[in-house]
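**Student:** Supplied in structure tokens, the structure appears directly below.
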Amino acid sequence: MEEASCKSLPAKEKQDYPVRRFFVGAMAACVLLWPALYNGYPTIFSDTGGYLLTGKFFLALPPFRAPGYALFTRLASVGISGWFTVVVQAAMVVYVLYQACDYLVEGDRKLADLYFLGSFAVLTALTSLPWLVSLLMPDVFAGVLFLSAFLVVFAEELRPTQRIALAAIFAVSAAAHASLLPIGVLFAVTLIFLRLFRRPAHALPSARSALGWLLVPILAAGIGTAALNRQMGLGFQLSPSRNSFLMARLFGDGLASDFLHANCPTPNFISCQYLSQLPQTQEEFLFQHPLYPELKGHEDEMEAVVSGTIRAYPVRFLKSSIKETALQLASLRTGDEIRSYGAREWNSNVIPLVFPGDFQAFLEGRQYRDHLTPAADASAALDTTVFWLSVATSLLLAWAGRFGRINLFFYAAAAFLLINAAVCATFAGVFDRYQGRVAWIMPFCLTAYVCCLAREWKNSEAKVLPEMEELEAPVE
């Protein structure tokens, strides 16, 4: 009986383990949605209505954004409620976090579960992650992209089904927002370089395999985005509004205004008609100034102004991009979507069209009544402090060089934060929400260091106790 019991125990553990993980994951997903639960409805941003309308009716609304998240809202919500969308977002985040915990503790299941619970508590209470998960916007997919891409390259112990799932999540993430596809491409190149430098020469086939796992999701995201744009009558292209956002950024820097003052009225530009009152900021160009509506359908002029400005002032553009990148790296206050929300009437008209059953809950939410900003501000102060402490502490621990896997993860995270800041600042300008969407990665990295330090301390204690007992034993 004793022998039979010992043989049957591992099988029982194998059966209980997935059930236990599913239950813990489901509870974690619910806790991760605390901002939405506190608000009484998923939080929204000024762009939310555009994504929901595009997903529901397949309408192309300027400025044209990546249709990937619009399609995601349509499928995840089942056409019923925005709650289903944020629940799916939470489930995806929990899944990639579980896989990352398994990798960082090198397959120690018991420790991985403890690490997940500890890191999850930190991320939920002290970072921007729950605010991103609770938001009907694609911002949450930036961090998900990082974890899924990193794992398909470096987590060699993944089963085929897990690797396929992560690759699919990577593809969905890259297609979710216009900035995430170029970020995904640049990060994929960075990961391949890290893989090559980390592995000896005989591991090159593995690097080629990793490249395939990265390229297929990127190609799927790019082709899918272009196909959806063509379906909406925008042509088979990745970003119909690529020049709109960059032109807005150039107006914010003053470069576009200088170019037009130097070249008007020689080119027959519509922009020259507004030479005495050109837009001064990005938001003014996109949402307030009459110039942008008049430029709709004149992509050739926007492209000419953008390319002409960059060619005329390449050094100024480069300096401005570097400066904006540095500013973006430090701009990460949680809740920017709540503070800068300025499309209440627009979203009030969209919600009943897309989710009529949600309209009453939307109107009764704290955000709609301007009662959510204090919570966002309090979280921002705490999250920002935790982020910088995590960066400083992780740098010191990485410098010690004791934990190979976590050091690699930390270097990849630092590179990803830099790529995210550079792409967003260069093509769209500096906004807190762009860096806030990835700031939680650094506290997650620090929790991995703390977990492994605790494991080392525990192992050292386990070795010291028997030695102490031998010393204290009486001599016969």
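Where a number appears in this text, it was derived from the coordinates with a stated rule and is not lab data. The model shown is predicted, which means the values in this text are computed figures rather than measured ones. Every residue, glycine among them, receives a Cβ derived from its backbone with ideal geometry; neighbour counts consider all protein chains shown.
**Student:** Please give the net charge around Gln282, taking every other residue with its beta carbon less than 13 angstrom from that of Gln282, where Lys and Arg add +1 and Asp and Glu add -1. Don't skip to the answer; put the middle values down first.
**Tutor:** Working: positive: Arg249; negative: Asp253, Glu283, Glu284, Glu324.
Around Gln282, the surrounding residues sum to -3.
**Student:** Among Pro267, Ser320, Met247, which residue has its Cα positioned farthest towards the positive end of the charge dipole of the stretch 202-331, with +1 placed on the Cβ of Lys and Arg, -1 on the Cβ of Asp and Glu, and the dipole taken about the Cα centre?
**Tutor:** It is Ser320.
**Student:** To the nearest 0.05, what FRET efficiency results for Leu396 and Glu456 with a Förster distance of 25 Å applied to their C-beta separation?
**Tutor:** After rounding to 0.05, the efficiency reads 0.95.
**Student:** Can you tell me the order of 411-423, 292-304 when each peptide is scored by its average per-residue count of other Cβ atoms within 10 angstrom, highest first?
**Tutor:** Result, highest mean Cβ count within 10 Å first: 411-423, 292-304.
**Student:** Can you tell which of Trp457, Ala361, Tyr341 lies farthest toward the positive end of the dipole of the stretch 328-457, using +1 and -1 charges on the Cβ of basic and acidic side chains (Lys, Arg; Asp, Glu)?
**Tutor:** Farthest along the dipole direction, towards plus: Trp457.
**Student:** Give the span of the stretch 59-135's Cα atoms along each principal axis, as three whole-Å numbers ordered largest to smallest.
**Tutor:** Extents along the principal axes: 48, 25, 24 Å.
**Student:** Something else about it: Farthest toward the dipole's positive end in the stretch 88-161, which of Val133, Phe116, Val93, given Cβ charges of +1 (Lys, Arg) and -1 (Asp, Glu) about the Cα centre?
**Tutor:** With unit charges placed on the Cβ atoms, the residue in question is Val133.
**Student:** I've got another one for you. If R₀ is 35 angstrom, what is the calculated FRET efficiency for the pair Thr266 and Leu318, using the beta carbon separation as r and rounding to 0.05?
**Tutor:** Rounded to the nearest 0.05, the efficiency is 0.85.
**Student:** Could you tell me the distance between the Cα centroids of the stretch 247-316 and the stretch 93-166, to the nearest Å?
**Tutor:** 42
**Student:** Say a paramagnetic label sat at a point 7 Å from the Cα of Leu389, along Cα to Cβ; which residues of the stretch 323-358 have their backbone N under 20 Å from it?
**Tutor:** Within reach of a label on Leu389: 330-335.
**Student:** For the chain, divide the Cα radius of gyration by the Kirkwood radius and give the resulting Rg/Rh value with two decimals.
**Tutor:** Rg/Rh: 1.03.
**Student:** Explain nothing, just the number: dipole magnitude of the chain about its Cα centre with +1 on each Lys and Arg Cβ and -1 on each Asp and Glu Cβ, in debye rounded to the nearest 20.
**Tutor:** 1000
**Student:** Right, here's the next one. Would you please put 272-285, 429-442 in order of how densely packed they are, using the mean number of other Cβ atoms within 10 angstrom per residue and starting with the highest?
**Tutor:** Working: 272-285: 15.9, 429-442: 24.6.
Ranking the peptides 272-285, 429-442 by packing returns 429-442, 272-285.
**Student:** For the peptides 161-174, 131-144, what is the packing order when you average, over each peptide's residues, the other Cβ atoms within 10 Å and list the highest mean first?
**Tutor:** 131-144, 161-174
**Student:** What's the lysine pair count for the chain at a Cα cut-off below 26 Å, pairs eight or more apart or interchain?
**Tutor:** Here the count comes out as 7.
**Student:** Between Leu327 and Gln280, 0.36 nm times their residue separation minus their Cα-Cα distance comes to what?
**Tutor:** 15.0 nm
**Student:** Using a cut-off of 12 Å between beta-carbons, work out the net charge of the residues near Cys272 (Lys and Arg +1, Asp and Glu -1, Cys272 not included).
**Tutor:** -2
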